[in-house]
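To start, the structure under review is shown below, and the notes come after it.
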Amino acid sequence: MRTHGHTAWGQWSPTYMSWKSMHMRCKNQKCNDYDRYGGAGITVCERWKDFSNFLEDMGERPSGYVLDRLDSKGNYEPANCRWATWTESANNRKNTAFVLFKGKRLPAAEVERKTGWQKGTARRLSRRAEPGQDLTTVRWGQIGTDNPASKCTDEMVRSIRSMDGSLREIAKHMGLSRYCVWAIRKRKTWKHIL
């Protein structure tokens with residue numbers, strides 16, 4: 001009997017572990033991920049029930065790669081699978097948020113990594129954008145009195161910055177939160193007012 005050599009001496013190769021994990025996710029109801037795979041109707045093709053066929057179709061798993069389905073709603077089969085990096089695989093999930101950035105449709109998390117924006121910034125900007133609007137053209141927000149939600153005026157900001165007293169006293173006197181007063185005094189907000 002010829003063996004594939006991927007389980008020699010009790011050690012599973014990375015390729016064999018990917019194959020075994022794929023079957024566990026789709027068939028074993030006790031598996032933590034079963035609900036998102038087998039429980040959601042995702043199956044393994046008949047050909048891949050034999051590891052040798054899987055190995056022939058997919059080849060060895062490259063270091064740092066994982067088994068990924070091109071169509072995240074599709075089954076595990078040769079035409080729908082590839083070896084992908086963790087990032088590529090994470091960007092291929094059902095719940096990945098995509099945004100338009102510099103003319104390209106990209107995952108929001110990728111845009112945030114490329115630009116150095118905080119997590120969630122690209123998603124917030126995309127909610128402000130018109131359908132099909134590039135994030136590079138979305139206004140970040142209205143400054144000062146141009147912002148209809150602002151409780152302050154330019155004069156109030158100048159006054160807050162010149163007042164003596166505790167944050168609590170100033171906030172109560174001006175009808176604002178302590179955080180708002182702190183942010184104005186530390187020039188975290190209303191930076192355009194000197």
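Numbers for the structure displayed
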quantity: Accessible-area composition of segment 7-59, carbon plus sulfur, in percent [1.4 Å probe]; calculated: 47 percent
quantity: Percent RCO, i.e. relative contact order, over the chain, from Cα pairs under 8 Å lying at least 6 residues apart; calculated: 9 percent
quantity: Pairwise label distance in nanometres, GLU60 with LYS172, each label 7 Å out on the Cα-Cβ vector; calculated: 7.3 nm
quantity: Dipole magnitude of the chain about its Cα centre (Cβ charges: Lys, Arg +1; Asp, Glu -1), debye to nearest 20; calculated: 880 debye
quantity: Segment 154-194: trypsin sites (Lys or Arg not before Pro) in DSSP loop, at most 15 other beta carbons within 10 Å; calculated: LYS186, ARG187, LYS188, LYS191
quantity: Cα lying deepest toward the dipole's positive end in the chain, options SER166, ALA183, TRP19, charges on Cβ; calculated: SER166
quantity: Set LYS151/LYS172; LYS151/LYS191; LYS102/LYS188 screened for pairs whose C-alpha atoms are more than 24 Å apart; calculated: LYS102/LYS188
quantity: Surface/4 of the Cα convex hull for the chain, nm²; calculated: 18.2 nm²
quantity: Positive-end residue of TRP86, GLY132, MET58, charge dipole of the chain with Cβ unit charges; calculated: GLY132
quantity: Estimated 222 nm signal from helices in the chain, with DSSP H stretches of n ≥ 4 weighted -39500 (n - 2.57), rounded to 500; calculated: -9500 deg cm²/dmol
quantity: Per residue accessible area of the chain, 1.4 Å probe, in Å²; calculated: 68 Å²
quantity: Percent of beta bridges antiparallel (DSSP, the chain, rounded to nearest 5); calculated: 90 percent
quantity: Solvent accessible area, Å² - TYR65, 1.4 Å probe, full protein context; calculated: 80 Å²
quantity: 25 Å Cα-Cα reach of LYS30 towards lysines, excluding residues that sit fewer than 8 places from it in its own chain; calculated: LYS20, LYS49, LYS73, LYS94
quantity: Under the span-like rule (Cα at least 30 Å along the axis, Kyte-Doolittle mean at least 1.0), DSSP H helices of the chain; calculated: none
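The values are calculated or read from the model by the stated rules, or taken from the named source; none is laboratory data. This is a predicted model, so every value here is computed, not measured. Using ideal geometry, Cβ is built from the backbone for each residue, glycine included, and neighbour counts are taken over all protein chains shown. The area values use the complete protein model at the heavy-atom level, side chains included, leaving out ligands, DNA and RNA. Shrake-Rupley method; radii C 1.70, N 1.55, O 1.52, S 1.80 Å.
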